[in-house]
1. Being β-branched (Val, Ile, Thr) and either outside any helix (DSSP H, G or I) or not assigned by TED's automatic domain parsing to the domain that holds Ser30 (or both) is the filter; apply it to the stretch 241-269 and report the residue that is farthest from the chain's Cα centre (by Cα).
2. Kindly indicate the residue of the stretch 198-232 that is among the small types (Gly, Ala, Ser) and farther than 25 Å from Asn32 by Cα and also surrounded by the most Cβ atoms within 10 Å (Cβ to Cβ) among those meeting that condition.
3. Under the condition of being acidic (Asp, Glu) and in contact with a helix residue (DSSP H, G or I) (Cβ under 8 Å, 6 or more places away or on another chain), which residue from the stretch 447-499 is farthest from Ala326 (Cα to Cα)?
4. Residues that are closer than 19 Å to Leu274 by Cβ, part of a strand (DSSP E or B) and in the same structural domain as Arg36 (by TED's automatic domain parsing): does the stretch 193-211 have at least one?
5. Out of Val91, Val98, which single residue is under 30 Å from Arg211 (Cα atoms), in contact (Cβ under 8 Å) with a residue 24 or more places away in the chain and surrounded by 12 or more Cβ atoms within 10 Å (Cβ to Cβ)?
6. Can we say Lys357 is of a type outside the set (Gly, Ala, Ser), within 25 Å of Lys269 (Cβ to Cβ) and touching a residue at least 12 places away in the same chain (Cβ under 8 Å)?
7. For the stretch 56-64, check the following and say yes or no: at least one residue is in the same structural domain as Gln102 (by TED's automatic domain parsing), basic (Lys, Arg) and modelled with pLDDT of 85 or more.
8. Out of Arg181, Arg166, Arg171, Arg211, report the one residue that is modelled with pLDDT of 85 or more and under 26 Å from the mean Cα position of the chain (by Cα).
Amino acid sequence: MVHHEATPRSARAVAGDGDIRSLPREAPASLNAAARKVAESLSKQSLSPVLMVGMARLIEYTAVMVLGLAIYLLYVERDPGLDWLYVAPIVGGPFLVVLFIQLADGYSVPALRSIAMSLGRVFVAWTLVFAFFTVIAFLAKIGDHYSRVWIGTWYLGGLALFTALRIGLARYVGASTKSGRLERRAVIVGGGDAAIKLIGAIEAQPDNDIRICGVFDDRGDERSPPMVAGYPKLGTFGELVDFGRIARIDMLIVSLPVTAENRLLTLLKRLWVLPVDIRLSAHAAKVRFRPRSYSFVGTVPLFDVYDKPIADWDRIAKRAFDILFAAIALLALSPVMALTALAVRLDSPGPVLFRQKRYGFNNELIEVFKFRSMYTELTDHRADKLVTRDDPRVTRVGRFIRKTSLDELPQLFNALRGDLSLVGPRPHATNAKAGSEFYENVVDGYFARHRVKPGITGWAQINGWRGETDTQEKIEQRVKHDLYYIENWSIPLDLYILFVTPFRILKTDEVH
């Protein structure tokens, strides 16, 4: 059994010896109408600058490599097959040019937006690559092996290709910036003079990609006015969580001083359940640390309190993982699923599938598929009553498919659709309880498990915390393991959990 803390490591580092979970639980605040209107206007996902820059690298690498290969196939090739002396420049040349452009800061959003800024750097990088391979060919005495027409055509064609690509990228990035899609949406947490100075410093940065969406503060208007540096105060800290559930924001920037330890602890307890980056402003702090201690918006220093889990390329990798392995599992298990569906249908009247609303990513409701294991007239769509041993609502086939987890197989379609991941915290029904208490009333920070997409199986399940949650300890342990998974996610960990799951399913004592 793995023992660990449920509180994020980065949050613990800021909190010092304090424990976020030990603070008094407070009732959530309802979002006011003005803040809800702003949140709904931000409900569409923005484009990630990290992904945009990554795609630009990939596009340019692929385009230049294909150009070099096409010229080789059309002009140089005499016999079937590829001359391996051409492989190094065709594959390695585009890699080096992308590397050189990166070193010249040619893959930043401002560079992609400006043709004049980027083309000179690109042309120099492309020329350096050809100079590099020319020197290598001279020293290795293999220069005569290469076609001069191929070299010249690829060089000039590359200049033309880079020009066309950079013009296209500049137009796309410019349009995305103008429409507000290519930005990092931020909320300032805390008002007053500290927030005014922070906002001024951020807005003073050239080519700033931060869009400030509003300010939240618990203090009254006499200490924190309704408008802070031109931005509206949308509500209190309690309302901020509801705001973050609706708005697709990327970052919370806390403007409270580091010395306000108790206020910070109380605030972090509320905010760490959201799937966003949390930063603490160091702009007004008198103590300065090494640059590596901060992240920066331009020259504005911020302490990294918490990072959004499974973001950017990690999110794409996990989605590709889900599609690939869910498709393989559906093909391999289709006979088992067909037989299970037939058994359910023959055992009792009613539909084969059971659909249930459950909490998904960021507390959004999703519809999860299962093979029906209860009598149709006794099904419990909200999970108002826990399923117990020898529960009379469960059919004969239902008992078997619940013990073997065969009832979960239709969720592979949820994984393909994108509602679920193959691996992640198990999604819970809307009225699920531990004993007689709702889960969120039993475990402080319960909703932090919704910072990632829920899964068909997970770290808690393979460690024995699956099935009935009739005691507080069971849901506490499940949440603790879920948070450990979120903090330590990786593709190898997902593979391990998938591999171990079938063996853990054989231990069915805890499932009814």
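1. The initial filter retains those residues of the stretch 241-269 that are β-branched (Val, Ile, Thr), namely 241, 246, 249, 253-254, 258-259, 266.
The next check asks that each one be either outside any helix (DSSP H, G or I) or not assigned by TED's automatic domain parsing to the domain that holds Ser30 (or both); those that pass are 249, 253-254, 258-259.
Numbers: Ile249: 12, Ile253: 19, Val254: 21, Val258: 28, Thr259: 31 Å.
My answer is Thr259.
2. Within the stretch 198-232, the first condition is being among the small types (Gly, Ala, Ser), and the residues that meet it are 200-201, 204, 214, 220, 224, 229-230.
Applying the additional criterion that residues be farther than 25 Å from Asn32 by Cα yields 200-201, 204.
Details: Gly200: 12, Ala201: 17, Ala204: 11.
Only one residue tops the list, namely Ala201.
3. From the stretch 447-499, those acidic (Asp, Glu) are 468, 470, 473, 476, 482, 487, 494; that's our starting set.
This time we only want the ones that are in contact with a helix residue (DSSP H, G or I) (Cβ under 8 Å, 6 or more places away or on another chain), so: 468, 476, 482, 487, 494.
Working: Glu468: 26, Glu476: 29, Asp482: 21, Glu487: 24, Asp494: 13 Å.
In this case the residue turns out to be Glu476.
4. Yes, the stretch 193-211 contains a residue that is closer than 19 Å to Leu274 by Cβ, part of a strand (DSSP E or B) and in the same structural domain as Arg36 (by TED's automatic domain parsing).
5. Details: Val91 fails: under 30 Å from Arg211 (Cα atoms).
Result of the check over Val91, Val98: Val98.
6. Values: of a type outside the set (Gly, Ala, Ser): yes; within 25 Å of Lys269 (Cβ to Cβ): no; touching a residue at least 12 places away in the same chain (Cβ under 8 Å): yes.
Considered against the rule, which asks whether it is of a type outside the set (Gly, Ala, Ser), within 25 Å of Lys269 (Cβ to Cβ) and touching a residue at least 12 places away in the same chain (Cβ under 8 Å), Lys357 comes out as no.
7. Just the residues of the stretch 56-64 that are in the same structural domain as Gln102 (by TED's automatic domain parsing), to begin with: 56-64.
Next cut, basic (Lys, Arg) only: 57.
Still in the running and modelled with pLDDT of 85 or more: 57.
Yes - at least one qualifying residue is present in the stretch 56-64.
8. On the way: Arg181 fails: modelled with pLDDT of 85 or more; Arg166 fails: under 26 Å from the mean Cα position of the chain (by Cα); Arg171 fails: under 26 Å from the mean Cα position of the chain (by Cα).
Answer to the check: Arg211.
The values are calculated or read from the model by the stated rules, or taken from the named source; none is laboratory data. Every value quoted in this text rests on a predicted model; they were computed, and no experiment measured them. Neighbour counts are summed over all protein chains in view; Cβ atoms, including those assigned to glycine, are modelled from backbone coordinates with ideal geometry.
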